[in-house]
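Reviewing the structure listed below.
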Amino acid sequence: MREQTHELLAPLPGTVRRIHSFHFGTPNSGRKVYIQASLHADELPGMLVAWHLKQRLGELEAAGRLRGEVVLVPVANPVGLEQVLMDMPLGRYELGSGENFNRRFVDLGSEVGDAVETLLNNDAQHNLEVIRQHLSRALANQEPLTQLESQRLTLQRLACEADMVLDLHCDFEAVEHLYTTPEAWPQVEPLARYLGSQASLLATDSGGQSFDECFTLVWWQLQQRFGKRFPIPQGSFSVTIELRGQGDVNHALASRDCQAIVKYLCQYGVVDGHVEIPPQLLYPATPLAGVEPVITPVGGLLVFCALPGEYLEAGQLIAEVIDPITDRVEEIRTHSPGLMYARSLRRMATAGMVIAHVAGREAYRSGYLLSP
């Protein structure tokens, strides 16, 4: 294992933050996998899974069982990790700008496309290498102006040449689920099965330029631009893995998730070992555009009547919102059938608040598909 330290741009004298990356295996010896945790710094289950992975990857490396390189970043957001206000951790938005830590990563599709247009040919492997070189070069040439931009660029530079990117998150209260693209789904499906993912949400571009999509979108954009003239492979695919809810930080779950990821790395060919047949998929992959954000029109005490992991029929009661002053009880029901995979931690709702998400099978939304 090799540890690297990446110093971020300091906003003020005497304030230094660093990102630590751990590198296992041999560079350029096979496929490269990048795994990071807790980009939303208040989402800690992935950090524990990453710690378990670090121990396991060290054992696999010592045993000579790594066929490629795995880069692991257990703490992807040191800026947000320090944001604690009156004993309340706030890791989702950067306090200075109000920006979501998992949005607005650099989009280099047009710049890289312009740079490689005259260099592409009919050899897909050649095109893969040329595009990766110019993507890496374009990221190296970016000059961050803020610590937040510095952090984003550091993570992108670490992951830009990876064949696979796994971004470990969690929701508020949730069952295990994941996000990826329709194009990557055939490769990702075994991972969903190993993990026991109960919802797999697919979108090519969900809006917001999140970390996972900043890689897949580059290759998709280049395929759209050059695909009729030159073979452009899927040079990288990404998966955001939602490791249940914020309170699900324990060794039993983390060890199980670590084992599932290692099984997938065996199936993917990065770890030398027996490839286990994954179990059946618990729920079919569905479009992210088919997710219903369940909204309450009124504020009040939030009492849920359904649990994460339940399949709900159209019109089924999901929660009550109670006004303890007027005794009004507002019933909140789903519009469409689907699996409720996540719900709010809060129990005092405000009018217009999203209280849960239900994965429906039919796409009906468009544009920006992510939470704020």
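Among residues of the range 190-214 that are acidic (Asp, Glu), those with a Cβ under 6 angstrom from a residue that is in a strand (DSSP E or B), sequence gap 6+ or separate chain, pair up as Asp212/Asp167; Asp212/Ser238; Asp212/Thr240.
Residues to consider are Leu158, Leu139; find the one that is part of a helix (DSSP H, G or I), more than 18 Å from Gln223 (Cα to Cα) and in contact with a Ser or Thr (Cβ under 8 Å, 6 or more places away or on another chain).
Among Leu158, Leu139, only Leu158 is part of a helix (DSSP H, G or I), more than 18 Å from Gln223 (Cα to Cα) and in contact with a Ser or Thr (Cβ under 8 Å, 6 or more places away or on another chain).
Highlighted here are the strands (runs of 3 or more DSSP E) found entirely within the range 1-84 that include at least 1 residues which are aromatic (Phe, Trp, Tyr): 18-25, 32-37.
Here are Lys32, Lys54: which of them is of a type in the set (D, E, K, R) and without any contact (Cβ under 8 Å) to a residue 60 or more places away in the chain?
Details: Lys32 fails: without any contact (Cβ under 8 Å) to a residue 60 or more places away in the chain.
Every option except Lys54 fails the conditions.
If you go through the range 85-124 and pick out every residue that is assigned to a loop (DSSP other than H, G, I, E, B) and among the aliphatic types (A, V, I, L, M), you end up with 7.
Here is a yes/no grid of residues against (1) touching a helix residue (DSSP H, G or I) at 6+ places or on another chain (Cβ under 7 Å); (2) basic (Lys, Arg):
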{"position": "Lys32", "(1), (2)": "no, yes"}
{"position": "Gln36", "(1), (2)": "yes, no"}
{"position": "Leu39", "(1), (2)": "no, no"}
{"position": "Glu43", "(1), (2)": "no, no"}
{"position": "Gly46", "(1), (2)": "no, no"}
{"position": "Glu61", "(1), (2)": "no, no"}
{"position": "Glu69", "(1), (2)": "no, no"}
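For beta carbons closer than 6 Å, sequence separation of 6+ or different chains, a first residue in the range 299-326 that is touching a residue at least 40 places away in the same chain (Cβ under 8 Å) and a second that is open to solvent by 70 Å² or more (accessible area, probe 1.4 Å) and of a type in the set (Lys, Arg), the qualifying pairs are Leu302/Arg347.
The rows are residues; the columns are (1) closer than 24 Å to Gly98 by Cα; (2) of a type in the set (Ser, Thr, Tyr); (3) modelled with pLDDT under 95.
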{"position": "Met1", "(1), (2), (3)": "no, no, no"}
{"position": "Gly14", "(1), (2), (3)": "yes, no, yes"}
{"position": "Ile19", "(1), (2), (3)": "yes, no, no"}
{"position": "Val33", "(1), (2), (3)": "no, no, no"}
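Any residue in the range 240-253 that's under 16 Å from Arg343 (Cβ atoms): show its pairings with residues that are assigned to a strand (DSSP E or B) and among the charged types (D, E, K, R) at Cβ separation under 7 Å, as long as the two are six or more apart or on different chains. That search, which allows pairs on different chains as well, returns Glu242/Asp171; Gly245/Asp171; Gly245/Glu173.
Taken together, the residues in the range 148-167 that are surrounded by fewer than 20 Cβ atoms within 10 Å (Cβ to Cβ) and over 30 Å from Glu189 (Cβ atoms) amount to 1.
Mind listing whichever residues of the range 1-35 are among the basic types (Lys, Arg) and open to solvent by 50 Å² or more (accessible area, probe 1.4 Å)? Show your work before the answer.
Of the residues in the range 1-35, the ones among the basic types (Lys, Arg) are 2, 17-18, 31-32.
Selection gives Arg2, Arg17, Arg18, Arg31.
Among the residues of the range 183-207, just one is under 13 Å from Ala260 (Cβ atoms) and among the polar types (S, T, N, Q), namely Ser197.
The residue list Leu60, Leu108 contains one member that is farther than 23 Å from Leu9 by Cβ, out of contact with any Pro (no Cβ under 7 Å at 6 or more places or on another chain) and buried (at least 20 other Cβ atoms within 10 Å of the Cβ), which is Leu60.
The values are calculated or read from the model by the stated rules, or taken from the named source; none is laboratory data. This structure is a prediction, so every number in the text was calculated from the model and none was measured. Heads up, the Cβs are rebuilt from the backbone with ideal geometry, glycines too, and the neighbour counts pull from every protein chain shown. Ligands, DNA and RNA are excluded from the accessible area calculation, which covers all protein heavy atoms including side chains. Shrake-Rupley method; radii C 1.70, N 1.55, O 1.52, S 1.80 Å.
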